[in-house]
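These notes are about the structure you will find just below.
Read-outs throughout are calculated quantities, based only on the coordinates presented, and are distinct from any laboratory measurement. Here the structure is a predicted model, which is why all the values come from computation and not from measurement. Cβ sites come from the backbone with ideal geometry, for glycine too, and all protein chains shown count toward neighbours.
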Amino acid sequence: MRAMMASTWGEPRNLRLMEIPDPQPQRDQVAIEVRAIGCNFFDILMVQGRYQVKPPLPFAPGGEVAGFVRAIGPGVVGLTPGDRVVALVGWGGYASVALASAASVVRMPETMSFEHGAAFGIVYQTAYFALVYRANVQPGETLLVHAAAGGVGLAAVQIGKALGARVLGTAGSSAKLAVAVAHGADAAFDYSHPDWVDRVKQATDGRGADVIYDPVGGDIFDLSLKCIAFGGRLLVVGFASGRIPSVQLNRVLLKNIAIVGLHWGAYRDHDPAKITDAMRALFALYERGAVLPVISSTYPLSQAAAALDEIASRRSVGKVLLIP
């Protein structure tokens with residue numbers, strides 16, 4: 001098999017395409033012949049050694065794949081070789097064959113392509129967990145999605161609309177604002193201009209957003225506290241800006257707001273059944289056309305560094321994929 005391997009902590013440009021032995025599934029594991037791979041911002045952090053999880057070196061990054069079941073290990077039930085599946089693997093996905101825990105492997109809808117499958121897993125799971133399990137978004141509420149043209153942002157826009165929310169978005173260019181609106185946002189504002197807070201207030205008649213979905217952190221988080229509604233929920237999803245913000249707790253008290261964190265990966269250890277339940281619910285939304293992955297670009301496996309650079313530089317719109 002072929003895999004893009006990190007031998008030391010460093011940058012994505014240090015990844016090297018290597019031939020390594022095919023992995024053999026152990027108990028409760030599935031080997032997958034990979035046809036498409038989803039790239040994520042945390043892949044960059046993992047390669048740099050800055051992520052919450054540090055795999056043993058050497059390793060291949062990559063947390064989500066789509067492909068065929070190649071082989072199953074002892075104890076696996078409900079899956080057979082040849083099944084078309086999506087798998088959430090933690091790491092090891094930047095490869096032509098990947099191992100996954102059977103509990104993290106789900107059959108894809110027949111109507112779903114491998115590209116959509118690889119683009120679907122983590123960003124839609126993240127948005128679903130945040131909006132449904134953590135913030136309990138209700139029909140008629142106003143949801144503000146930051147970085148609304150990125151992978152997790154577009155997923156949140158689409159799921160927010162499916163939940164019956166009024167969705168506002170922010171992004172960093174007119175082209176990205178147009179993408180957010182084209183995929184469901186009722187209005188979108190350029191967060192590189194300082195008036196975006198006032199525009200959110202105007203769009204909500206001065207009330208602010210009931211739920212704010214923030215994968216950016218930094219200044220965006222700070223300013224979000226100025227346009228959140230009384231009793232609102234601010235979802236901390238990530239820190240793509242590079243700065244982890246802090247907050248004066250008197251602001252939380254005075255507006256009766258809740259700041260709610262989401263570390264989706266922790267559910268693998270604490271409540272893995274929720275991940276499977278969420279995936280089934282998301283597949284149902286896909287089959288009825290309520291959500292549809294947006295793919296920014298695809299690269300061959302050997303160009304993983306270029307794919308991750310597109311994400312790091314915020315050029316991507318939706319998901320970036322690798323095709324082995």
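From Cα pairs below 8 angstrom and at least 6 apart in sequence, can you work out the relative contact order of the chain, rounded to a whole percent? Taking the mean separation of contacting Cα pairs over the length of the chain, I get 18 percent. For the peptides 209-216, 63-70, the ranking by packing is 209-216, 63-70, with the highest mean count of neighbouring Cβ atoms within 10 Å listed first. Taking the chain as a Gaussian network of alpha-carbon nodes connected by springs under 10 Å, the highest mean-square fluctuation of the residues THR276, THR204, THR111 belongs to THR111.
Lysine pairs in the chain with alpha-carbon atoms under 29 Å apart, 8 or more places apart or on different chains: how many are there? Number of lysine pairs found: 15.
The modelled label-to-label distance between ILE244 and SER192, using points 7 Å beyond Cα along the C-beta direction, is 2.8 nm. Between ALA273 and VAL252, the modelled label-to-label distance comes to 3.0 nm, taking each label 7 Å out from Cα in the direction of the beta carbon.
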